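The values are calculated or read from the model by the stated rules, or taken from the named source; none is laboratory data. No experiment lies behind these values; they were computed from the predicted model shown. Backbone-built Cβ (ideal geometry, glycine too); neighbour counts: all protein chains shown. Heavy atoms of the whole protein, side chains included, go into the accessibility calculation; ligands, DNA and RNA do not. Shrake-Rupley method; radii C 1.70, N 1.55, O 1.52, S 1.80 Å.
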Amino acid sequence: MREEKVMRMGQHSANEKRIPHPFVFLRAGWILLPSLSVVMALMIFLLFNSQLLQAAEGIHYVSPEGVDSGSCSVREPCLTIQQAITNAASAGDEIRVAAGIYNTLNQLGSESQVVYANKSFTLRGGFTTTDWLAPDPVRNPTIIDAASSGRGVYIPDPVTVVVTGFHVRNGMIADNKGAGIYNKAGHLTLRECEIYDNEVTTDGYTDVGGGVASDFTGDAFVATLILQDSRFYSNTTAAAGSAIGIITGTAVIERNEIFNNNTAYGGISVFGGDVLLKNNWVYANEATLSGGGIAILAGNVRSLNNSLYGNTASDSGGAFYLAGGTTAITNTLIVSNTAAVSHGVFYTVGGTLSVAYTDFYGNSPDDY
């Protein structure tokens, strides 16, 4: 009897199937749920803070609210682009910059500029401090402003620099080149940028490139310049190349708008090197002497699929001034360019010119 009573109270024999009490599942759930919560929290943290991990892998962050004593991480962005360049450790590093105005000048290299690019890196604008993944340069203007006291960007060495999604404005220099951006010796790629209100004040023969200048060729190195999908406007030089000045090296200039720039010779000026102009709009530029749109003094220049219209010269060559080098123009539209004295399109004093599959209309005086 005693043995039966014990079995009735919940004890079971060895061959009897035991059914766990529901309370056991509940208690197990209490034990299991905290473990799942920890795992889920860790996954969410890693997902939304992957940028923190990326920062350690060569991505640096800059914000107008940052501090240069910070680590240039997402949580501690730097204040200046130059500090992020200083922190960059390898050629593959990337610097992401939040919208705002960056106007802190430095005197590195005995020059005055906002960005002294003596390392290889990629510089991207158009971010916000709440979104470091998807840049939008149109909605989030990111501005390098030299405040008329130096350059926006200076590249003194044979490094590789990529710049995308920036405004570069208010550069001003004398007795030199490239008020907005000077690619003295690098491989520079510029994409989706706005380059405007920059000025070279002196009129020396090669004081060129109000917006951008590029010029170095050495025994083992040739500077390269790639300008794509950008706009160059309201830049000024006293001598030549108000928007773009190429002294030598190689350059690819494609899918850009070059307009409302003012100089003596050429919104774009080429003094040497190999230059490809492709799919650009060159319009409403003004030369106080000759070559309202483009001036070519030397080098090899190919113009392919460009449109030049509404450029003016106070002397001759509303669209082109040609003084040397070899120029080949193919599949180009040349419309409504004017010169006050002569040659609405080409004013040629030297060099070799070939033209094919090109349309002329409304240029004055003389379409061709």
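Annotations
- Accessible area per residue (1.4 Å probe, heavy atoms of protein chains only) ranks TRP281, TRP132 as TRP281, TRP132, with the largest value leading.
- In sequence order, calculated HN-Hα J values of the stretch 287-303 (Karplus, 6.51, -1.76, 1.60; Hz; x Gly/Pro): 10, 6, 10, 9, x, x, x, 9, 10, 10, 9, 6, x, 10, 10, 10, 10
- With the whole protein complex present, ILE173 retains an accessible surface near 20 Å², based on a 1.4 Å probe.
- Accessible carbon and sulfur surface of the stretch 52-125 relative to its total accessible area, %, 1.4 Å: 48
- Rounded FRET efficiency, nearest 0.05, which uses the C-beta distance separating TYR205 from VAL341 and R0 of 22 Å: 0.45
- Projected label points at VAL222 and ARG75, each 7 Å from Cα along the beta carbon direction, are separated by 4.9 nanometres.
- Label-point gap, in nm, between GLU257 and ASN331 - each point 7 angstrom along Cα→Cβ: 2.3
- Accessible surface, 1.4 Å probe, highest first, among residues LEU276, LEU227: LEU276, LEU227
- Residue by residue, the stretch 259-268 carries 3J(HN,Hα) couplings of 8, 6, 9, 9, 6, 7, 9, x, x, 10 Hz when phi is fed to the Karplus relation 6.51 cos²θ - 1.76 cosθ + 1.60 (θ = phi - 60°); x denotes Gly or Pro.
- For the stretch 333-342, 3J(HN,Hα) computed residue by residue from phi via the Karplus equation (6.51, -1.76, 1.60; θ = phi - 60°) reads 9, 10, 9, 6, 8, 9, 10, 6, 9, 7 Hz, glycine and proline entered as x.
- Charged side chains reduced to their Cβ positions (Lys and Arg at +1, Asp and Glu at -1) give the stretch 50-178 a dipole of some 220 debye around its Cα centre.
- Sites ALA91 and SER314 - FRET efficiency at Förster radius 41 Å, r taken between beta-carbons, to 0.05: 0.30
- Spatial separation of Cα centroids for the stretch 295-317 and the stretch 145-177, in angstrom: 25
- The simple spin-label model puts a point 7 Å past each Cα toward its Cβ; for ALA147 and ALA356 those points are separated by 5.3 nm.
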